[in-house]
Amino acid sequence: MLEVVLAHTCYFSGQSYVPEIMRTICLLYEMPLLVFLAGRSAQHRSGLSSVFAGLLNIWLKWVLISTLVVFGYRIICGRSAVTPTQYLQGLMFYSLEVNDLAVFFQSMWYMRMYVVVVLVAGILQELDKRVQFSGRSKWSFVLFLVLGLAYASFSEVDSFFGLSRMQLCYLSFFMIGYLTKPTAHLTLKAYLLGMAFFATLWIGISRMMGLNFLNIQGVKFPPHFIYWTEAMLSIWTCFFLWQYGSKWIHRCGFIRFLGRHSLCFFFSQGLGAGFIYRFVSLNEQYGWVKVFLLSLGVNYLIMFFGGLAIFGIFRIFDRVANKIQLSERLGRVLQFEEGLPGGES
């Protein structure tokens, strides 16, 4: 989540004054890494009904937070940030093109992608319980996704076997996280060879297609195969550093708190990104480094304290949900396993 704030500080308010190489470095370690880590955490998920219940829980919390933010903005600023139609669109994770609260709503493209990726992965998990796919079969599916993304990218089509380029790209990252074991170690030689391989693909294909390889944002929506190759640099790095940093992360209460409650801070990170636009004009007087550090610091503070406020709201929400036994009722409604072949005990 810290990297997401860094990237948004570079790209949104910093687009007019932050050097391109700096924006490229920030975008290297962003959403793909977040999806990879989500795949790692999915290794501990129990069943398909819990996937549906979890996604519905996330959506209900988003409805609550987006409503509070919209009405709070109306009260504080004296004007509406969105129209009634835009408000309803925003509830469905639609990326609204608005002047106020733009980053807050535009960041929700991630949630639309995440819902589809998690659902598909959850269905595959259920099938795996019944069919017992081999490791080779699972990795063959990942290869199918990557080759499908390459085909769709180079053929300039939007989908491959019904999966959009967004789904092909991020589902592959999710599955890589799900299939790789946290205990697996990567040697320094293997790490360097992997980095050289993905960097060569990234830069080489970009040059072959006449594109500036530093312009990552230009191949991000919809994801191009070029974006997949450069994103693998961050995932490969995470895979290598995991063996050294996992113990330190478990000892760091702050990092663990951010990880356990990442949804709170993901919702809050878009609030500060809109506020720091007012610092852009200081660039001519103080230089881009000082302005960027100021913007980043303020953005982190707003994300952290906003996330803490959302954390408190979610605790109240969870207490109310527990009193009305919301999770148990959702579980009974979403017991789809019993309707699947082999789901009867």
| field | Candidate set: the range 175-197, residues that are aromatic (Phe, Trp, Tyr) and surrounded by 15 or more Cβ atoms within 10 Å (Cβ to Cβ); chosen: the one nearest to Val142 (Cα to Cα) | value | Tyr178
| query | Can you spot a residue in the range 99-122 that is at pLDDT 90 or above, outside any helix (DSSP H, G or I) and in contact with a helix residue (DSSP H, G or I) (Cβ under 6 Å, 6 or more places away or on another chain)? | reply | no
| task | Report whether or not Leu91 is closer than 23 Å to Ser164 by Cβ and modelled with pLDDT of 90 or more. | result | yes
| said: Test of understanding: among Ser234, Ser206, which residue is surrounded by 15 or more Cβ atoms within 10 Å (Cβ to Cβ), in contact with a Phe, Trp or Tyr (Cβ under 6 Å, 6 or more places away or on another chain) and over 22 Å from Glu156 (Cα atoms)? | reply: Ser234
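Do you know which residues across the range 55-91 are polar (S, T, N, Q), surrounded by 13 or more Cβ atoms within 10 Å (Cβ to Cβ) and part of a loop (DSSP other than H, G, I, E, B)?
Matches in the range 55-91: Ser80 only.
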| Quick check, is Leu149 touching a Phe, Trp or Tyr at 6+ places or on another chain (Cβ under 8 Å), modelled with pLDDT of 90 or more and surrounded by 13 or more Cβ atoms within 10 Å (Cβ to Cβ)? | yes
| query | Does Ser172 satisfy being in contact (Cβ under 8 Å) with a residue 12 or more places away in the chain, buried (at least 23 other Cβ atoms within 10 Å of the Cβ) and hydroxyl-bearing (Ser, Thr, Tyr)? | reply | yes
| task | Of the numbered conditions (1) in contact (Cβ under 8 Å) with a residue 40 or more places away in the chain; (2) surrounded by fewer than 19 Cβ atoms within 10 Å (Cβ to Cβ); (3) of a type outside the set (Phe, Trp, Tyr); (4) within 30 Å of Asp128 (Cβ to Cβ), Gln217 fails exactly one; give the number of that condition. | result | (4)
| request: Tally the residues that are under 19 Å from Ser206 (Cβ atoms) and aromatic (Phe, Trp, Tyr), restricting the search to the range 139-170. | output: 2
| query | Tell me, which helices (runs of 4 or more DSSP H) lie completely within the range 1-46 with 3 or more residues that are over 29 Å from Gln125 (Cβ atoms) and under 17 Å from the mean Cα position of the chain (by Cα)? | reply | 2-11, 20-28
| note | Contact list, first residue from the range 303-317 and in contact (Cβ under 8 Å) with a residue 40 or more places away in the chain, second anywhere and part of a helix (DSSP H, G or I) and among the basic types (Lys, Arg), beta-carbon distance below 7 Å, six or more apart or interchain, is Phe314/Lys61; Phe317/Lys61
| query | Taking the range 159-169 as the search range and keeping residues that are surrounded by 10 or more Cβ atoms within 10 Å (Cβ to Cβ) and over 21 Å from the mean Cα position of the chain (by Cα), which one is modelled with the highest pLDDT? | reply | Phe160
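The values are calculated or read from the model by the stated rules, or taken from the named source; none is laboratory data. Source: prediction; values computed, not measured. Positions of Cβ are backbone-derived with ideal geometry, glycine not excepted, and every protein chain shown enters the neighbour counts.
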